[in-house]
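Notes to accompany the following structure.
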Amino acid sequence: MPAYMIVTANIKDRHAFISGYGAAAGALVERFGGKYVLRGPGAELLEGDFGDGASMVISEWPDKAAAKAFWDSPEYQEAKKLRANIAEVQVLLIESPKIND
C-alpha cells in the first residue's frame, strides 16, 4: 500500500535550504524509492496555526517501510542537519490505498 510523506516547512533562508538540504534530500528520496508528488511555496492556511505561506512537499513511497527506511537512514540524518536553524518543519507519514478515478 503506498505511503505519503507530507512536509510543511517555514523556511527562513530559501536559497540555503534548496541548495543544501533540498539537493541532498532530493537525491536520497529517489535512491530510497520515493518520488515527489508536489513541491512548492506559498501554502494558504485555512485552519490551524502552522503553515501560512509555508512550503509544502508531498512524496509518495511504495509503502510505509520504504519511507521509514529513508527517514531513519544515516544518510538522511546527515542531510537533516543541513536544514537546522533555517527551517521549522512538520512531517507526517500516512499509508493509503491509491484512489482510482
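Just need a number here: residues in segment 42-99 that are in a helix (DSSP H, G or I) and over 21 Å from Ala27 (Cβ atoms).
Number satisfying all stated conditions: 1.
Can you tell me which residue in segment 61-91 is nearest to Met5 (Cα to Cα), limited to those that are of a type in the set (A, V, I, L, M) and surrounded by fewer than 14 Cβ atoms within 10 Å (Cβ to Cβ)? Break it down into steps so the answer makes sense when it comes.
Initially, segment 61-91 is screened for residues of a type in the set (A, V, I, L, M), giving 65-67, 69, 79, 82, 84, 86-87, 89, 91.
Filter once more, keeping what is surrounded by fewer than 14 Cβ atoms within 10 Å (Cβ to Cβ): 65, 84, 91.
Numbers: Ala65: 12, Ala84: 19, Val91: 7 Å.
Looking at the filtered set, the residue picked out is Val91.
How about segment 1-19: which of its residues are within 24 Å of Asp52 (Cβ to Cβ) and part of a helix (DSSP H, G or I)?
Listed by number, the residues that qualify are Arg14, His15, Ala16, Phe17, Ile18.
Residue-wise test of (1) modelled with pLDDT under 95; (2) closer than 24 Å to Asp72 by Cβ; (3) out of contact with any Cys (no Cβ under 7 Å at 6 or more places or on another chain).
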{"site": "Met1", "(1), (2), (3)": "yes, yes, yes"}
{"site": "Ala25", "(1), (2), (3)": "no, yes, yes"}
{"site": "Val29", "(1), (2), (3)": "no, yes, yes"}
{"site": "Gly40", "(1), (2), (3)": "yes, no, yes"}
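Here are some residues: Ile58, Ile99, Ile94. Which one is among the aliphatic types (A, V, I, L, M), loosely packed, with under 14 Cβ neighbours inside 10 Å and modelled with pLDDT of 95 or more?
Matching residue, one of Ile58, Ile99, Ile94: Ile94.
Can you tell me which of (1) surrounded by 15 or more Cβ atoms within 10 Å (Cβ to Cβ); (2) out of contact with any Leu (no Cβ under 7 Å at 6 or more places or on another chain) is the one Gly20 doesn't meet?
(2)
The values are calculated or read from the model by the stated rules, or taken from the named source; none is laboratory data. In this text the structure is predicted, and so the values were computed from the model without any measurement. Don't worry about glycine lacking a Cβ; one is built from the backbone with ideal geometry, like all the others, and counts go over all protein chains shown.
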